[in-house]
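Okay, so here's the structure we're looking at.
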Amino acid sequence: MKNISRFGVFITIATSEISEDDLLSLGHLYVEKQDRLTGLLRWSEIPSGEKFYKNETLHNLKIKLIREDKKIELSLISEDFLEKFEHKIATTLETLKVLQIKNQKVRDL
């Protein structure tokens with residue numbers, strides 16, 4: 001994730017992760033000069049309640065549209081709710097363990 005703006009979230013994509021069809025629509029000469037491209041994930045494409053942070057990595061993206069001026073619009077691929085929930089629970093559990101260790105160290109002092 002490169003930047004968060006009023007239009008949406010600007011995300012940097014490695015050209016190696018872009019499909020051949022999308023690379024062809026961008027133009028061979030345009031892509032050869034760059035190993036990374038930036039696309040826009042508009043707020044209207046993001047489900048309400050989702051939070052993003054700068055420098056966060058997203059894996060569930062696809063190219064929605066490539067405009068004539070070579071601007072890339074992105075969209076989110078819907079995730080399985082249980083998989084997403086499991087990831088959030090695992091992350092929360094890890095955070096709680098770290099906090100518990102920190103609290104124990106403070107008590108021992």
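The values are calculated or read from the model by the stated rules, or taken from the named source; none is laboratory data. The structure presented is a predicted model; accordingly, all values stated were derived computationally and were not measured. Cβ placement follows ideal geometry from the backbone for every residue including glycine, while neighbour counts extend to all protein chains displayed. These area figures cover heavy atoms from the full protein model, side chains too; ligands, DNA and RNA do not enter into them. Shrake-Rupley method; radii C 1.70, N 1.55, O 1.52, S 1.80 Å.
Does LYS71 satisfy the criteria of being in contact with a Ser or Thr (Cβ under 6 Å, 6 or more places away or on another chain), under 17 Å from THR12 (Cα atoms), at pLDDT 75 or above and open to solvent by 60 Å² or more (accessible area, probe 1.4 Å)?
So LYS71 does not fit the description; no.
Residues checked against (1) open to solvent by less than 20 Å² (accessible area, probe 1.4 Å); (2) at pLDDT below 75:
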residue	(1), (2)
GLY8	yes, no
ASP35	no, yes
TRP43	no, no
PRO47	no, no
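Count, please, the residues in the stretch 49-68 that happen to be surrounded by 11 or more Cβ atoms within 10 Å (Cβ to Cβ) and over 17 Å from THR12 (Cβ atoms).
Here the count works out to 1.
Would it be correct to say that PHE85 is surrounded by 11 or more Cβ atoms within 10 Å (Cβ to Cβ) and in a helix (DSSP H, G or I)?
Details: surrounded by 11 or more Cβ atoms within 10 Å (Cβ to Cβ): yes; in a helix (DSSP H, G or I): yes.
Considered against the rule, which asks whether it is surrounded by 11 or more Cβ atoms within 10 Å (Cβ to Cβ) and in a helix (DSSP H, G or I), PHE85 comes out as yes.
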